[in-house]
Structures are given as structure tokens and as C-alpha cells.
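The values are calculated or read from the model by the stated rules, or taken from the named source; none is laboratory data. All values reported here derive from a predicted model rather than from experimental measurement. Note that each Cβ is placed from the backbone with ideal geometry, even for glycine, and that neighbours are counted across all protein chains shown.
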Amino acid sequence: MAMARSPFDTPANYDAEKPNHMIFWLDVTIGDPKEYVHLKKAFGSNTDPRCETWTMLTDRNYIDILAENSAVTVKFEGVTFLLQAFDNEVDCLEAFENNQDKHIFFITSGTMGEKIVPKIIERYRHIFTDLITDQPYSSVYVFCHNIEWNMNWAMDYFEYIQMFNFDSELLERMTRDIAEYFIERGKRIRQGNDPEDALKHLHWAKRLWHQYDKMQQQVPTNEFRPVRETKEMKEIIKLIEEIEADLRNKSSDHEDANSDDDTQPSESYG
């Protein structure tokens, strides 16, 4: 098994255009138009590289993604993600094995979750654990029509999983969790003295938290009704403004230093 690497490490061959965060989705009903109606609306794709417009994924798209058997680039609530979908356990476990350096948000059904969750927590616990604080991430999302029926197996993994009767509630919670992950990652990257990358993650967090607030405040996606700015959103904006101010100050200091160099008298050689 490959050695684990923290999602907070940046390898030398890191591709800035390729997200370090992924969504895995395991369910035999992904292509069923009657299933996951709300959740599917959160994903968008650009099928034409000549066009910048992203459109909502269709059920046909999900069937194609299953057939692809590899991660595809999508938008989740406006943020670029790698999405990989599965309808069987074997392919899903193989993807976990090959993506141990990624931060993975995992969606599955109660029936399939009962079989695969014990295996992924046993083999890939580090993917669902903050390697700095050693605290578990509750980033396994189980969608089932009856939570009580799944409690027997789920209780052994309560630190890692969240269970939902309705996919709209799953979407709402996952949107918040991903935003919180980006906030924490942005703070840590800032401490590591990479303000530009920190800003990128905080802007992702801002976009996702805006969507979360819309869901909380029951503002329809297709309406331009104002969204009340919550305390959490104000904190994200404050972090962004602090980093932007630091960058402006550094830029100004750099320009002043260059100006001083330009005005230094030239040495005379006689």
C-alpha cells in the first residue's frame, strides 16, 4: 500500500490546475432520474472546451461518468472539483487506493455503505483524519430512506459518517463541510506564507458558504433575492480582506525598495 501523504502537503509536481479535493460517489442508482434530484443540481460540467459555460449534469452524463471509470472535472456549487462515480465496490476501493494524497468527500447509499465503509475506514482512515490535529473528518455521507435500519452498522463509524433521509439535507451539509475545510486549509496555507493560495481557498469557501446560506434561508437558486450575510460569511470576508491588505502592503514595500535602488547615485571610477 502506498505511503500516506497529508492533503496539506504540496508535492513538487503539483498541478495547480488540478484540484487536490475530490468527491467519490458510490451508488447503483446514480443514473436514475428519480434519485438524488437535489444533489445532482449542484454539479455542473463543461463538455465543450471552446466554451466557458458550465451546465448542470444530466442523468446521461452520470452514466457516462460511470463508464469513464476515472475522475472528471466538474463544478460543485461553482467550485472546481474532481468527481468520480461508481456503481460497484471494487472500482471504488481501487480509486481510494490510487488517491490517498487527496482530500475525499464520499457519498454512498445505506446498502452499499454498510459493505464499504468498514473497509475504507480500516484501510484509508488517514484520508478521513486531520493529520495535524488527529481529529476525524465527518466526510462520509450516507443517503438512506430509513436511518434507523442502518444504525446498527453505522454506530461503529459515527465519527466519520453522517446519515440523511433526504438528498437536499445531504447537499446542504456537504456544502457547509467543504466550505469549512477550505477555510481551515486557507488559514494553514496563510501560516505557511503562501497568501495567494490561501486567498484561492478562502474565495472557494466564500462561494460555497453563500450557497449554504441560500439553502438555509430558503432562497431559490434561480432568484436574485438578497441573502442575509451571516456571522460565518463575515468572518470569511474578514480573512480575505486581511490577506489582500497584506499583499497590497508587500507590493507597496517592494515598489518602494525598487524606487530607492533607482535613486542611488552611481559609483564613480577614476
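Of note:
- Against the conditions (1) farther than 22 Å from PHE106 by Cβ; (2) under 18 Å from the mean Cα position of the chain (by Cα); (3) not charged (D, E, K, R), GLY192 satisfies every one except (2).
- For first residues located in the stretch 25-36 and within 13 Å of ASN61 (Cα to Cα), partners that are modelled with pLDDT of 90 or more and lie 6+ apart or on another chain with Cβ distances below 8 Å form the pairs ILE30/TYR36; ILE30/ALA85; ILE30/ASP87.
- Check on ASP177, assigned to a helix (DSSP H, G or I), touching a residue at least 40 places away in the same chain (Cβ under 8 Å) and among the charged types (D, E, K, R): yes
- One residue from ALA154, ALA205 being of a type in the set (A, V, I, L, M, F, W, C) and in the same structural domain as TYR36 (by TED's automatic domain parsing): ALA154
- Odd one out for TRP209, checked against (1) free of Cβ contacts under 8 Å to residues at least 40 places away in the same chain; (2) outside any helix (DSSP H, G or I): (2)
- Identity of the residue in the stretch 99-139, within 26 Å of ARG188 (Cβ to Cβ) and among the aliphatic types (A, V, I, L, M), that ends up nearest to the chain's Cα centre (by Cα): ILE104
- Pairs where the first residue, in the stretch 181-201, is assigned by TED's automatic domain parsing to the domain that holds LEU239 and in contact (Cβ under 8 Å) with a residue 12 or more places away in the chain and the second is buried (at least 19 other Cβ atoms within 10 Å of the Cβ) and outside any helix (DSSP H, G or I), C-beta under 7 Å, 6+ apart: TYR181/HIS103
- Any hit, the stretch 143-161, residues being of a type outside the set (Phe, Trp, Tyr), in contact with a Ser or Thr (Cβ under 8 Å, 6 or more places away or on another chain) and at pLDDT 95 or above: yes
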